[in-house]
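Heads up: the structure comes next, in structure tokens.
The values are calculated or read from the model by the stated rules, or taken from the named source; none is laboratory data. Here the structure is a predicted model, which means the values were calculated and not measured. Backbone-built Cβ (ideal geometry, glycine too); neighbour counts: all protein chains shown. With ligands, DNA and RNA removed, areas are computed over all heavy atoms of the protein, side chains included. Shrake-Rupley method; radii C 1.70, N 1.55, O 1.52, S 1.80 Å.
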Amino acid sequence: METTTPVLGRNPPGIAPYTLVCDYGSGWTKATLFGKVGGTPRLIATRSVPTPTIDGLVPDLLAATLQAERAIRAMAGVPGFGSAEGDLYDLRAALLPVGSCAPPMSVVLAGVDSKAVRRVASQLQEASYIREIHAGSIADLLPAGRLPSGYRPDVVVLLEGQEPLPLAQQQPLAQLLARVGADTRLVPVLHCVPEGVESAAAVMLGRMDTDVVRCDLLARPPHGLGAVQRKLHVQYSRHSLWRASGAAQLPAHPTASFISAAGCAMISARYAAASGPGRLLLLDIGASSITVCAAAGEDLTYKVLSGMGLGRGCAALYARVGENNLRRWLPFEPRPDELSLCALRRSLHPAVQPLTLREALVEQAFAREAIRLGITELAPVAPPDLVVGSGFLARGIGSRAASVVIADALSQAQPSWRQVEVTVDSANAFVALGALAAIDPELAGTVWDRDRPRTVTILLAARGGKREAPAVDVAASWQGGSMETTVLEGRLQRIHGAWDKDTSVQLTPLRGVKMAEARRKQPQTIALVMSDGNPLPELLLDTRLVSIRTERRAESVARALDSSGAYTAAELQNL
Amino acid sequence: MSTLPYQLNCAVLTERRLHGRGQLRVGSGERVEPRTIVGTGSPPAEPLIINIAADLQETPAAAAQALTVKVGERVARGAVLARAKTAKSVREVRAPESGVLVAYDQTSGLATLLPSSSQVELRATVSGTVRDVVPGQSVTIETRGAYVAGVWGAGGDAYGVVRLATRSRSETVAFEQLDNHFTYSILVTGGTVTADTLARCEELEVRAVIAGGVAPAELGRYLGFEAGVQVLPEALLTLRSVRKDPGQALLIMLLGGFDATEIDEAAWQVLAACEGREGSITSSNWPEPPRLVVQLPTSEVVNAVPLQQAVLGAGATVLILGGPNAQTAATVVDGAVRRISLPSGVAAEAMQVRTDSGKQLDIPVHNLRVIQNP
């Protein structure tokens with residue numbers, strides 16, 4: 001497994017006896033324990049706990065670590081740090097922190113040479129630790145309205161060209177720095193000066209928190225921009241630690257970089273694509289970020305939508321996708337303000353779980369739109385062979401419901417994609433193994449081959465053709481279960497009867513038929529594959545909702561639900 | 001590890017930090033009020049560019065000869081920077097601000113003057129006693145009294161006398177009832193707050209409003225949104241100030257949330273104990289929760305303890321978040337955690353709680369907000 005993320009201040013420890021990857025999210029902290037089982041390195045257990053905060057504000061990393069470690073130790077059945085049985089491992093040495101709790105940075109990129117500014121901006125936009133870049137020449141950035149009112153970037157990158165900054169540019173630069181820093185705080189400045197050029201801006205920057213990088217920004221990668229990227233990564237680490245005050249109490253990592261969670265997931269995605277299905281799409285719906293990553297062989301494209309998600313970022317997600325796009329996924333008419341209040345509630349209380357079916361459906365509507373938005377924002381990609389759901393899709397709902405959510409979103413975002421295989425990363429293995437790869441790629445590869453997420457054996461197709469087509473074809477295949485074809489047919493007919501009369505169901509047993517062939521013959525098929533006797537009716541119920549939600553009004557859905565008897569009358573009344 | 005949101009008889013620590021270089025003016029053990037200036041800082045100043053050559057009507061090289069101040073020297077405001085004599089007159093360029101002449105460009109004739117930094121005053125914002133001083137950086141002030149944390153707030157900082165505008169925690173104040181009694185106060189109202197009430201508060205120069213909740217539409221109406229125009233949740237959460245008139249500043253602090261309809265009992269008791277006392281509210285930008293700190297007389301604060309951490313266990317009073325019983329207070333029954341399947345289909349770790357009406361419910365532990373420890 002390859003590594004692309006630099007890790008500072010940590011020597012590769014291998015895995016012995018344990019390595020605990022803690023992925024500190026703004027909503028949940030995911031802990032994954034690696035260790036040797038019978039002499040073989042394995043992923044032993046994974047647990048997640050809500051990220052504790054200090055006064056509801058900053059993630060308390062120490063508390064998060066201890067809670068997650070306690071939970072995972074109980075699950076794995078191993079004595080651990082500070083336990084009565086004695087320490088089996090030193091938590092401080094074993095801990096590998098992954099930081100997704102700190103939001104990516106907001107950057108102002110200013111310079112004189114517009115060519116260099118454009119070049120640097122286009123490359124930095126890809127960095128997962130950067131939320132947004134306001135780039136331009138100093139003169140461009142100064143006029144009122146060019147930067148948002150009260151805008152406070154996390155870092156200013158100042159690019160000096162081959163010639164020293166002209167004096168005439170100094171005052172505008174000073175104005176720009178004063179504006180973004182105002183009198184509230186010092187904004188770190190990354191001052192990029194070419195080799196051999198005496199900086200003219202140094203005088204005014206002398207009073208700022210300045211980090212000077214000597215580089216040739218127009219040189220080909222990895223020269224030139226590499227130095228800037230490394231410095232920005234360090235800046236991001238400081239930024240993370242600054243926001244996460246508990247980190248100061250973790251003596252093993254007072255200055256170490258938090259590895260970017262998105263970066264870790266991407267390492268795994270690339271490895272998985274290269275060693276497995278060929279084309280892979282990773283959908284990570286977090287509490288305050290949405291990461292979509294497409295990997296095909298060595299190629300990797302991704303998009304991180306930060307500040308948006310199903311927790312703290314829910315209000316931002318609502319603002320971005322709009323009320324109408326959310327409503328279309330609901331089999332009932334939401335009350336006025338219901339969706340916006342839900343967004344506000346989730347933003348204020350990110351770890352709260354839906355108690356009623358109605359709340360769960362609203363939450364899933366947000367998840368569908370998060371996926372749709374992420375895929376739409378991603379550059380055009382070829383249809384994937386495997387879609388991996390992570391974050392909310394792996395932990396917030398069951399795997400079947402997650403598959404339905406993914407299929408729905410794909411059908412809107414990429415209607416031309418016919419069929420995809422879906423799995424959910426419930427063990428947070430993509431991030432955890434990516435983190436392990438950052439310190440020991442070979443070891444991570446070994447663990448990956450044994451403990452990678454298995455397909456949840458559900459194959460769902462984003463239906464081809466128009467959404468309003470009334471016919472729904474169902475093809476099913478199962479192995480190892482005891483269900484007879486006739487029983488299956490009977491259940492399908494029962495559900496068929498509950499559907500609108502224009503809707504038809506065709507059962508096509510796929511036993512012994514190659515799935516690829518079935519896909520070719522029936523491109524508009526929703527195919528369900530169960531390898532271990534999964535409860536089919538429930539699966540079909542979910543599938544039915546996929547089809548109906550977008551094309552039928554609430555009345556017909558309610559009728560269908562009622563006829564199927566899947567929900568109680570009280571539940572229906574609550575819808 | 002969150003602190004309990006409502007506490008009496010506690011010692012609250014507030015850190016005030018200088019921005020940039022500066023000097024602190026208070027020492028350990030000193031008493032301060034919200035308006036006390038605890039230090040002055042000097043944020044980086046904005047350099048000034050002066051076109052010496054153009055002002056003297058000389059070439060850049062000739063203007064360089066006319067400089068009366070060397071690069072690196074300090075000049076006072078109004079002091080002569082350059083002087084050129086002609087047959088008929090003497091032309092001078094004076095320093096617009098006090099500062100240091102840091103550069104002169106021979107090719108353009110431009111000089112850079114770095115003004116002396118302006119002083120920014122750092123106020124205590126709370127009443128209390130200085131407990132810790134880090135020279136040149138920060139002071140920590142201890143306030144003994146009451147502490148109330150909200151879930152959302154906007155409007156910066158405010159201080160004033162706490163005044164209850166309603167008799168109960170669920171009663172919504174009618175704006176017609178508000179009079180000059182509430183001027184410059186921190187007004188506490190049960191129930192929710194309306195656009196009309198906020199407008200009246202602004203008129204009366206009320207400094208802050210504490211309420212259980214506010215409907216987004218009402219807040220939007222107060223902020224000037226047209227009827228029917230939806231206020232986006234994100235816009236509410238990131239609201240920096242709640243003021244219609246730029247000359248006025250009104251702070252809002254919600255204890256329940258946007259859909260809450262009342263203040264819970266524990267919070268109301270603490271607020272009632274603060275009636276008539278001067279308090280300070282800090283409400284920075286979301287997601288930082290707002291907080292009210294009130295200093296109480298020594299006779300009322302005996303053996304004040306540091307802010308307590310919330311403990312979710314048997315006997316704890318909790319607030320249920322979300323679901324049909326949202327914002328309902330309940331008591332944790334036995335503190336045992338059980339794995340349950342919710343009606344939503346989600347599997348969760350839950351605790352059994354009993355509401356005031358005697359209803360026993362299994363609620364996920366993440367949906368419980370502890371407001372009183374066992």
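Amide H contacts under 5 Å for residue A:44: A:33, A:34, A:35, restricted to partners 5 or more places along the chain or on a different chain, H placed in the peptide plane at 1.01 Å from N. The stretch A:293-346 and the stretch B:139-182 have Cα centres lying 35 Å from one another.
For the stretch B:147-300, the solvent-accessible area works out to 39 Å² per residue, with a probe of 1.4 Å and every protein chain left in place. Computed from the alpha carbon atoms alone, the convex hull of the stretch B:147-300 holds 99 Å³ per residue. Rolling a 1.4 Å probe over the heavy atoms of the protein chains gives the stretch B:317-372 an accessible area of 42 Å² per residue. Contact residues in the stretch B:96-130 (at least 10 Å² less accessible area with all protein chains than alone, 1.4 Å probe): B:102, B:103, B:105, B:110, B:112, B:114, B:117, B:120. Sequence-ordered 3J(HN,Hα) estimates for the stretch B:211-225 from the Karplus curve with 6.51, -1.76 and 1.60 and θ = phi - 60° stand at 9, x, x, 8, 5, x, 5, 5, 5, x, 5, 5, 6, x, 5 Hz, glycine and proline given as x. Considering only B:149, B:305, B:71, and ranking their Cα positions along the charge dipole of chain B that arises from unit charges at the beta-carbon of Lys, Arg, Asp and Glu, the one farthest toward the positive end is B:71. Checking every one of the GluC sites (Glu not before Pro) in the stretch B:66-130 against DSSP loop status and a limit of 14 other Cβ atoms within 10 Å picks out B:73. Contact-buried residues of the stretch B:325-372, at a threshold of 40 Å² lost accessible area versus the chain by itself: B:343, B:344, B:346, B:366, B:367 (1.4 Å probe; DNA, RNA and ligands ignored). Summing both sides, the accessible surface hidden between A and B at a 1.4 Å probe radius is close to 4500 Å². Extending 7 Å from Cα along the Cβ direction at residue B:349 and again at residue B:300 yields two label points whose distance is 4.0 nm.
Close amide H pairs (under 5 Å, H built 1.01 Å from N) link residue B:100 with B:75, B:114, B:116, residues at least 5 positions away or on another chain.
List the relative contact order of chain B as a percent without decimals, with contacts defined as Cα pairs under 8 Å and 6+ residues apart.
18
Carbon-plus-sulfur accessible fraction, chain B (probe radius 1.4 Å, protein heavy atoms only): 47%. Applying the Karplus relation 6.51 cos²θ - 1.76 cosθ + 1.60 with θ = phi - 60° to the stretch A:425-432 yields 3J(HN,Hα) values of 8, 6, 8, 6, 5, 4, 6, 5 Hz, where x marks Gly and Pro.
Per residue, the stretch B:48-115 exposes an accessible area of 53 Å² to a 1.4 Å probe, with every protein chain left in place.
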